[in-house]
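Q: Take this structure, written in structure tokens, and hold onto it; I'll ask about it next.
Derivation of every value follows stated rules applied to the coordinates shown; laboratory data play no part. None of these values were measured; they are calculated from a predicted model. Virtual Cβ from ideal backbone geometry, glycine too; neighbours counted across all protein chains shown.
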Amino acid sequence: MTLLKFRLVFLLSSLFILCQTQLNAQTYAKNGMVVSSDESSSEVGVDILKKGGNAIDAAVATAFSLAVTHPSAGNIGGGGFIVFMNSEGETTTIDFREKAPLAATNDMYLNEQGKLIDGINHHSAKAIGVPGTVAGLYLAHKNYGKLPWKTVVQPAVDQAKNGFVFNWYLYRAAQYFTREGNDNTFMNGYFRNEKGAIPEPGELWMQNELAETLTLIRDKGRDGFYKGKTAKKIANFMKKNGGIITKKDLAKYEAIEREPIKGSYKGYDIYSMPPPSSGGVALVEMMNLMELADFETIEFNSADHLHLVAEAMRRAFADRAEHLGDPDFNLNIPLEKLTSKAFAQKRFQEINMAKASISDSSRFGRLYDGESTTHLSTMDKEGNAVSLTYTLEYSYGSQMGSKELGFIFNNEMGDFNPQPGITKSNGQIGTAPNLVAPEKRMLSSMTPTIVGKKGKPFLVIGSPGGRTIINTVFQTVLNVLEFKMPIDKAIEALKIHHQWLPDQIVYEKLLLSPDTRKLLEAKGHTLKERFNMGALMGITYDAEKGIFVGASDSSQPDSGAIGY
Ligand code: GLY
């Protein structure tokens, strides 16, 4: 090979590597940023910003788009939360968590002997909660959006109708759901094109029924989903498949604007989601504990650092199990106490740096939360910021849906405690705050978060991952605020997870050294490996220079941070 040829090949391969990595590396911009689990959906959000839309418009458009491009978690059949901070530092949240249907009861998952019917709260039409996403996006847009509603919904209609590029993530899922012997006819047919075949990666994938459902939402707003044709089809589907959601449930559903949970860390302000999510309370509790630590002597990724973080997690998750549930049903949640600096002082004194504490399994148990959720972060050039996490609970939710409507229903009812008073060491929990009741919202771990600095948004962050969400967001926030990591490093750095029970540290397999593992075991921790945790989508903003930096987690290969 001549030197010239060698240089050309080298240049081309470097360009290829750059193009490959650009999606997940840091992206810089001056006018705004959108980070989501699907690059084409981030592009939708950025186009909305370019049309003069604000961060809320971009978030709403991106969320509808993800319902088309990222159906494992992007949705109109599920629910979630938004944390919003405007350019003046004023904050609010939108709660669009699913609700239990009116006919739900706290013994609906038990047989005549009072025993939990195996899997019914996760894998049946009775696991479906009243969806909140459309109402939540509608409310956020109505109160804070700038562009017309139709303009922000239209790109998702276009993607569903005209198709978008079928990627490897979808192709792998399609292979799974069309495997021989899979008797789930809805999911088996879900990914097929008009010829009845699975699209090849790179082909366009059209979803005509979903396009029609989205068109009604575009034209009639929230009523296009909760009333009329769509509501009727949803109610018919439930009747036919043993579900209990009725037209009345749909008509009654309302998203709610709530005050955020507020905390602070060494001069930064933390805003996150209040109950019915447990994320904000646990995050603030853990950051308060970290503020008391001496990070001059505790180095990043040392056994002491990980021990301290795990002990903070253990305590926050114990409090989560004991106190948290839907605030409209639990009127005395001690939010002020749990998030206070005084409470952290007391808790911090209980931590022994040489020895792991023991989680008392006689009291409560592991909480159920699904793993497949998705997060998006947006910012506009005025400096308004949105942190939005929404979910179907499991990957592809209940894996049930009406062919006529073209979208998948959640199985969020599985986030309730299924059997009153029964707590088992295998993980079932029966405490009162999160038992099923008509119109109650199930407890969540979603932790959409915005950190403010001098009254302006500084960090916008969130993640999927069930209970691990709280801990991956916590460690990413700590990485940025305490260890001064740039956003991409903070996202990619080692994450661990402790949720009180089971009493173990789960760690990302390739990121924790064998030596550190031994030191942690010597302190009394049980360790369990896992390949990856979370898929964080974050933005940092330098308000003085007006520069946005976005990064998406490399664990989500089709994700993208796009700025302009
Ligand atoms: N379904 C996951 C969560 O809400 O935490």
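Q: Give a residue-ordered list of calculated ³J(HN,Hα) values for region 82-91 (Karplus: 6.51 cos²θ - 1.76 cosθ + 1.60, θ = phi - 60°; whole Hz; x for Gly, Pro).
A: 10, 10, 10, 10, 7, 5, 8, x, 7, 10
Q: What's the exposure ranking of Thr389, Thr215, Thr431, going from fewest to most Cβ atoms within 10 Å? The partial results should precede the final answer.
A: Values: Thr389 30, Thr215 17, Thr431 20.
Fewest to most other Cβ atoms nearby, the residues stand as Thr215, Thr431, Thr389.
Q: While we're looking at this one, here's another question. Rounded to the nearest 500 deg cm²/dmol, what is the calculated helix-only ellipticity per residue at 222 nm for the chain, with -39500 (n - 2.57) per DSSP H run of length n ≥ 4?
A: Roughly -11000 deg cm²/dmol at 222 nm, from the helical runs in the chain.
Q: Which of the pairs Lys50/Lys232; Lys99/Lys232; Lys115/Lys232; Lys50/Lys495; Lys453/Lys489; Lys142/Lys239 have their Cα atoms more than 27 Å apart in this structure? It would help to have the intermediate numbers written out before the result.
A: Details: Lys50/Lys232 37 Å; Lys99/Lys232 18 Å; Lys115/Lys232 34 Å; Lys50/Lys495 35 Å; Lys453/Lys489 20 Å; Lys142/Lys239 32 Å.
As for pairs spanning more than 27 Å Cα to Cα, those are Lys50/Lys232; Lys115/Lys232; Lys50/Lys495; Lys142/Lys239.
Q: Here's something else I'd like to know. From Cα pairs below 8 angstrom and at least 6 apart in sequence, can you work out the relative contact order of the chain, rounded to a whole percent?
A: On the way: 1380 pairs, mean separation 140.1, N = 564.
About 25 percent, as a whole number.
Q: Rank the residues Met413, Met108, Met353 as a footprinting-exposure proxy: fewest other Cβ atoms within 10 Å of their Cβ go first. Before the final figure, lay out the partial values.
A: Numbers: Met413 29, Met108 18, Met353 12.
Ascending Cβ contact count within 10 Å gives the list Met353, Met108, Met413.
Q: Averaging sequence separations of C-alpha pairs under 8 Å and six or more residues apart, then dividing by the length of region 368-419, give the relative contact order as a whole percent. If you can, show how the numbers build up before the last one.
A: Numbers: 79 pairs, mean separation 17.7, N = 52.
Relative CO of region 368-419 lands at 34 percent.
Q: Separation between the Gln349 and Lys403 pseudo-spin-labels, each 7 Å from Cα along Cα→Cβ, expressed in nm?
A: 6.6 nm
Q: Okay, next question. Along its principal axes, what span do the Cα atoms of the chain show, with the longest given first and each in whole Å?
A: 80, 62, 50
Q: Could I ask something else about it? How would Glu112, Glu88 line up from fewest to most surrounding beta-carbon atoms within 10 angstrom? Spell out each step's value before the answer.
A: Details: Glu112 5, Glu88 11.
Fewest-to-most Cβ neighbours within 10 Å comes out as Glu112, Glu88.
Q: Now, a different point. Label region 59-189 by shape, choosing from rounded, prolate and oblate, from the square roots a ≥ b ≥ c of the eigenvalues of the Cα gyration tensor; if a/c is under 1.5 it is rounded, and otherwise prolate applies when a/b is larger than b/c, oblate when it is not. Show your work: numbers first, answer last.
A: Working: a/c = 2.80, a/b = 1.27, b/c = 2.21.
Since a/c reaches 1.5 but b/c is at least a/b, the shape of region 59-189 is classed as oblate.
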